[in-house]
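FYI, it's all coordinate maths here, none of it is from the lab. Here the structure is a predicted model, which is why all the values come from computation and not from measurement. Note: ideal-geometry Cβ built from the backbone for every residue, glycine included; neighbour counts use all protein chains shown.
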Amino acid sequence: MARIGGVDLPKNKRVDVGLTHIFGIGRPTAMKILAGQGISPAKRVKDLSDDEVQSLRKAIEGFRIEGALRTEVNQNLKRLVDIGCYRGIRHQMGLPVHGQRTRSNGRTRKGPRGNMFKKTKKR
């Protein structure tokens with residue numbers, strides 16, 4: 001099992017898909033890394049040799065991934081909230097940030113519909 005960047009890559013997946021399990025690496029970045037290292041994207045993770053895994057580790061060292069990237073993203077969001085800008089307020093309230101409408105849609109960000117009028121028992 002290949003462990004790169006603190007993440008165990010799934011054994012039976014292709015290498016290009018397996019690399020995307022690392023936070024901060026998507027398909028295009030994975031393809032660039034594999035092209036730079038001369039590794040076939042069609043190869044399975046379990047078929048990688050130790051030398052290939054080592055070369056992938058060295059190639060990924062140059063990227064900001066996992067913990068460092070998560071920390072940076074959280075600091076950016078905290079900065080927006082602290083300065084009180086529109087985007088920060090929307091993040092704080094849990095509403096869509098990029099101008100989407102919320103009158104008829106937006107359930108993913110807003111959460112399930114709340115029941116405004118609760119029925120009371122008649123006695």
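Some values worked out for this structure:
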| quantity | calculated |
| --- | --- |
| Residue with peak Gaussian network fluctuation, the chain [Cα springs, cutoff 10 Å], from I83, I25, I33 | I83 |
| Relative contact order of the chain, defined on C-alpha pairs under 8 angstrom at six or more residues apart (%) | 18 |
| Calculated Rg and Dmax of region 67-110 using C-alpha coordinates, Å | 11.9, 37 |
| Listed residues A68, I39, S104: farthest to the positive end of the dipole of the chain (Cβ charges) | S104 |
| Magnitude of the charge dipole, the chain, Cβ model with Lys/Arg +1 and Asp/Glu -1, debye to 20 | 1700 |
| Gain in span if fully extended, N115 to R3, counting 0.36 nm per residue against the direct Cα distance | 35.6 nm |
| Pairwise Cα inverse-distance average, inverted: Kirkwood Rh of region 3-60 (Å) | 11.0 |
| Most mobile listed residue (R64, R101, R87) in the chain, GNM with C-alpha springs under 10 Å | R101 |
| Most mobile of P112, P96, P28 in a GNM of the chain (Cα contacts under 10 Å) | P112 |
| Estimated dipole of region 69-116 in Debye, rounded to 20 [Cβ of Lys and Arg +1, of Asp and Glu -1, Cα centre] | 280 |
| Net charge dipole size for region 16-80 [Lys, Arg +1 and Asp, Glu -1 on Cβ; Debye, nearest 20] | 320 |
| Projected label distance in nm at E61 and R87, using a 7 Å step from Cα toward the beta-carbon | 3.3 |
| Chain lengthening between Q75 and H98 when straightened (0.36 nm per residue, less Cα-Cα) | 6.4 nm |
| Most positive-pole-ward Cα, G6, L48, Y86, against dipole of the chain from beta carbon charges | Y86 |
| Average projection area in nm² (convex hull over Cα atoms of the chain, one quarter of hull surface) | 13.3 |
